[in-house]
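Q: Just passing along the structure, written as structure tokens.
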Amino acid sequence: MLPDPISPVHSSAADSVDTPPAGSAQPQPGAPSRLSPDRKLSGVLAGLPAAIKRSANAAYAAGAAGIAHGSMVARKTTTPIGKSRFPSVQAFSEAAFTKYQSLVDEGYARAERALQRGRLQIPHGVSTNTVLGQLTDDYARTGMKDWLADEGIGEGLGKLIQVNRQMHDPSGSSAYRIPDIRIPGAKQIYDATLARKSWTWPQIRGFHRFSSGSVVTIVRPSQLGGSYSIIPR
């Protein structure tokens, strides 16, 4: 997004300490002042008591130092994230999604192979898809935590990323949701499932509302059609 244009601020001649004497050359609009900040300050302080001059000069120096420090702090906020040195939270979020998608694909493929080879026990009254989904979730969650540990990125409440953590209703009710992956700084939630889910599901609406508007992406195995984000209605 382009920044809004900045309108010039005009001051009256009575407010200016640099008004040139009559007959002198007038500066062109937009041209830089010929007086440096230090010389401007000297002009303003002329005739004032020495104690006030010293105080004003000290304040001016402190202000300049503060500006320099502020610039340094601003640069520090762009520190790369993790061992892979992701340049921003958004870049990290995109990499986290890519990693999670690959883990979901791998987990589902492993669960299917176990089923086909007869190594998967399906409890009575439980659907095959439910068991496959649970195994896929477990595999992807464990793999995601291992990836974060390898990257040196902390996980948990108040951290950059949260894996399988409770997210409470901000209105103060006892309701909560547990998304698989939440990255608050990027306003993204990634939730793995084998089923197709939509905005009509209370779980999805809760994800969106309890996170103050995060985008909810359903992470389905690529073998079943892949992932998609849900648009609130």
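Computed from the coordinates by the stated procedures, all read-outs in this text should not be read as laboratory data. All figures in this text were calculated on a predicted structure; none of them were measured in a lab. In this analysis, Cβ positions are derived from the backbone assuming ideal geometry, glycine residues included, and neighbour counts consider all displayed protein chains.
Q: Using a simple charge model, +1 on the beta-carbon of Lys and Arg, -1 on the beta-carbon of Asp and Glu, nothing else, what dipole does region 109-164 show about its Cα centre, in debye to the nearest 20?
A: Details: 7 positive and 7 negative charges, 57 e Å.
Roughly 280 debye for region 109-164.
Q: Another question, then. Looking only at region 189-233, which residues have a backbone nitrogen under 17 Å from a spot 7 Å from the Cα of HIS168 in the C-beta direction?
A: Of the residues in region 189-233, 207, 209-212 have backbone N under 17 Å from the label point off HIS168.
Q: TRP201's amide H: which non-local residues (gap 5+, or another chain) put their own amide H closer than 5 Å, with H modeled 1.01 Å from N in plane and none for Pro or chain starts?
A: none
Q: Moving on to the next point. Report relative contact order for region 89-230 in percent, whole number only (criteria: Cα-Cα under 8 Å, sequence separation at least 6).
A: Numbers: 198 pairs, mean separation 29.5, N = 142.
Answer for region 89-230 is 21 percent.
Q: Oh, and also: With Cβ to Cβ distances under 15 Å as the rule, what net charge do the other residues near ARG119 carry (K, R +1; D, E -1)? Could the numbers behind the result be given before it?
A: On the way: positive: ARG110, ARG113, ARG117; negative: GLU112.
Around ARG119, the charge tally is +2.
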